[in-house]
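Visitor: The structure that follows is given in the form of structure tokens.
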Amino acid sequence: MEKNSNIEMITGDPKKAINKLSLPIIASMFLIFANNIIDSIWVAGLGAEPLAALGYITPLFMVLIGIGNGIGAGGNSLISRYIGAENRSSANNAAIHNLILGIIISIFVSIAILIFLEPLLNIMGASSVLNYAMDYGQIIFAFSFAMLLPPIFGGAFRAEGDVKRATIPIAITAIVNMCIDPIFIYTLNLGVAGAAWATVIAHMLSIIAMLNWMLIKKDTYLKYNRESFHNDLSMYKDILVVGIPASLEQLILSALTIVVNYMLTLVSGPVAVAVYTAGWRIVNLGMLPAIGVGTASISVAGVAFGSRKYENLRVTARYAVKVALIASVIVCILLNIFANQIAFIFSYSESSAQLEPLIASFLQLMCLFILYVPFGASAGNVFQSVGKGTISFILTTFREFILVLIFAYVLGFVFNWGEFGIYCGMLVGGGIGSLIAYLAIEFYISRLIRSGDNEL
């Protein structure tokens, strides 16, 4: 198979490949989350209720992003395995199937969310800020394809080691969003709807850039042309076998946020939801180094698995955890030190000033959650890379939706610790679940090496 520098990189030393892939992926993810945080920062100037409204939309928005990342992970896994097996024609065909599947799913998801948006918001307890939430959500979800397609297309770019093209469009999106957000919200006086329009317009530029490389310039390693396409239903299945569980993982995480929002509403009301909305976004931002390293491991581990170099698979899993853990410790320390300064960006207006000490206290406690992420994220991504998306989904569900919620409920309600108990429960459940996930991937790889069978 003809190779370029990117292919030589991901098929070589796993450690070097992870080092080279991780930083652009982390930057890309940072910019994706930055878009969401930027909306919150500007909307915070409108008051606590509009900010809380974004808190109720955030879980649904993250479902959308999760579907895109999940299908992108499925495409990444399949394509990288073909590249590892030195089967370029099948890799090209898989990339085209990934593109087609992304378009079909984006249409379906947009229609489904719009139909059920208002009932979902009412179930989530957003009735007191429903108008704000609908103003923002209807625009965002009407243009779901703008958020879905870039991570799906980016999965194919990452599979061939071309992380620059998976990152540059996201950078453009973030910069444009930063520039036009205040214009749409305040200058044009569109309020929360303006934040939504700015986000949609910025994301459209990502799609234009990626389609230009794939279909017009045609200078990618993977080829998107009629000659490379041979309809194969098994390829859609292989992408979805990883993509659906990976997408459902984000659904589980969003469901967790919905339930936590509901718990906080019961114990403290909308103010607690506003604090959690702002603070948890920063914690999510702090998780990005670990998640980015884990995402990089999909390509590297997929190539190792496709080429049957199972010892490289072990090296990938362990090195990903090591690098991610070092980064997470640094992030946790920084968040603890600068909690008050970070909290201020969500409480700079007179109407939201009371949130500053509450958000700062939240960050100083919940930054500890970041320390568990390297173990769970890396394990899940390596399972996805070898086509075992269902195992990754089961581990995530057990960790985030069972252990976290059980401990949050027990400490928050049974022990009557309120908000503090809910947050402590999240820490305890997340820590136990992440360690279980890491032990599972170590056990799987050990069996794989002993048997030499890639069908485990």
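Visitor: Using helices alone, I'd like the mean residue ellipticity at 222 nm for the chain: each DSSP H run of four-plus residues gives -39500 (n - 2.57), total over residue count, nearest 500.
Guide: My calculation for the chain gives -27000 deg cm²/dmol from helical runs alone.
Visitor: Here is a follow-up. Based on the alpha-carbon gyration tensor of the stretch 242-455 and its eigenvalue square roots a ≥ b ≥ c, which shape applies: rounded if a/c is under 1.5, prolate if not and a/b is larger than b/c, or oblate?
Guide: Prolate shape, in that a/c is at least 1.5 and a/b is the bigger ratio.
Visitor: Using a 1.4 angstrom probe and counting only protein chains, how large is the accessible area of residue 218 in Å², to 10?
Guide: 110 Å²
Visitor: Let me ask something else. Under a point spin-label approximation (7 Å from Cα along Cα-to-Cβ), what is the residue 406-residue 322 distance to one decimal in nm?
Guide: Reported label-point gap for residue 406 and residue 322 is 3.4 nm.
Visitor: Turning to a different aspect of this structure: Separation between the residue 436 and residue 127 pseudo-spin-labels, each 7 Å from Cα along Cα→Cβ, expressed in nm?
Guide: Label at residue 436, label at residue 127, 3.6 nm between them.
Visitor: Ordering 16, 388 from largest to smallest accessible area (1.4 angstrom probe), what's the sequence?
Guide: 16, 388
Visitor: Here is a further query. Could you tell me the largest-minus-smallest coordinate of the C-alpha atoms of the chain on each of the three principal axes, in descending order and whole angstroms?
Guide: Per principal axis, max minus min of the Cα coordinates gives 62, 47, 36 Å.
Visitor: Compute log10 of I(q)/I(0) for the stretch 303-385 with the Debye formula, placing one identical point scatterer on every Cα and leaving out solvent, at q = 0.19 Å⁻¹, to two decimals.
Guide: The Debye formula, applied to the Cα set alone, gives -0.81.
Visitor: Say R0 is 41 Å: what FRET efficiency, to the nearest 0.05, do residue 216 and residue 345 get from their beta-carbon distance?
Guide: Calculated value: 0.55.
Visitor: Can you pull the Rg over Rh of the stretch 120-269, Cα-only, Kirkwood?
Guide: 1.05
Visitor: Largest first, what is the accessible-area ranking of 344, 184 with a 1.4 Å probe? If you can, show how the numbers build up before the last one.
Guide: Values: 344 105, 184 40 Å².
Putting 344, 184 in descending order of accessible area: 344, 184.
Visitor: So how far apart, in nm, are the two label points at residue 353 and residue 390 if each is 7 Å from Cα heading toward Cβ?
Guide: So the label points at residue 353 and residue 390 sit 5.8 nm apart.
Visitor: Let me ask something else about it. Using only Cα atoms, what Kirkwood radius does the stretch 264-326 have, in angstroms?
Guide: 13.9 Å
Visitor: So, one more: At a temperature of 20 °C and a viscosity of 1.002 mPa s, determine how fast the stretch 37-83 diffuses translationally according to Stokes-Einstein, using the Kirkwood radius over alpha-carbon pairs as Rh; express D in µm²/s, rounded to the nearest whole number. Provide the component values of the computation, followed by the final result.
Guide: Values: Rh = 12.7 Å.
In µm²/s, the coefficient rounds to 169.
Visitor: Ordering 443, 369 from largest to smallest accessible area (1.4 angstrom probe), what's the sequence? Spell out each step's value before the answer.
Guide: Details: 443 125, 369 10 Å².
I get 443, 369, largest accessible area first.
Visitor: In square angstrom, rounded to the nearest 10, how much accessible surface does residue 303 have for a 1.4 Å probe?
Guide: Near enough 10 Å² of accessible area.
Visitor: Leaving out ligands, DNA and RNA but keeping every protein chain, what accessible area does residue 262 have, in Å² rounded to the nearest 10, with a 1.4 Å probe?
Guide: Here the residue's solvent-accessible area equals roughly 120 Å².
Visitor: If packing is taken as the average count of other Cβ atoms within 10 Å, what order do 83-94, 194-205 fall into, highest mean first? Let's see the in-between values first.
Guide: Details: 83-94: 20.7, 194-205: 23.0.
Ranking, from highest mean packing down: 194-205, 83-94.
Visitor: While we're here: For the stretch 97-137, which whole percent of the accessible surface, found with a 1.4 angstrom probe, sits on carbon and sulfur atoms?
Guide: Solvent-exposed carbon and sulfur of the stretch 97-137 make up 74 percent of the total.
Visitor: Just the number please: accessible area per residue for the stretch 59-156, 1.4 Å probe, all protein chains included, in Å².
Guide: Counting only protein heavy atoms, the per-residue value for the stretch 59-156 is 32 Å².
Visitor: If you wrap a convex hull around the Cα atoms of the stretch 1-231, how much volume per residue is inside, in Å³? Working shown, then result.
Guide: Working: hull volume 28.0 nm³, N = 231.
In the stretch 1-231, the Cα convex hull volume per residue is 121 Å³.
Visitor: Which of 15/217; 16/217; 20/223; 164/218; 16/164; 20/322 have a Cα-Cα distance over 27 Å?
Guide: Too far apart for the 27 Å limit: 15/217; 16/217.
Visitor: How high is the relative contact order of the chain? Use alpha-carbon pairs under 8 Å, at least six apart in sequence, and give a whole percent. Don't skip to the answer; put the middle values down first.
Guide: Details: 800 pairs, mean separation 103.9, N = 456.
RCO, the chain: 23 percent.
Visitor: Right, here's the next one. Could you work out how far helix 356-366 tilts from the main Cα principal axis of the chain, as a 0 to 90 degree angle to the nearest 10?
Guide: Long axis of 356-366 versus the principal axis of the chain: about 40 degrees.
Visitor: A further question follows. May I ask you to compute the full-extension gain from residue 87 to residue 112, defined as 0.36 nm times their residue separation minus their alpha-carbon distance, rounded to one decimal in nm? Intermediate values should be presented prior to the final figure.
Guide: Details: separation 25, 0.36 × 25 = 9.00 nm, distance 3.70 nm.
So the chain would gain 5.3 nm between residue 87 and residue 112.
The values are calculated or read from the model by the stated rules, or taken from the named source; none is laboratory data. All figures in this text were calculated on a predicted structure; none of them were measured in a lab. All Cβ positions, glycine included, derive from the backbone under ideal geometry; neighbour counts span all protein chains shown. Quick note on the areas: whole protein, heavy atoms, side chains included, nothing else; ligands and nucleic acids left out. Shrake-Rupley method; radii C 1.70, N 1.55, O 1.52, S 1.80 Å.
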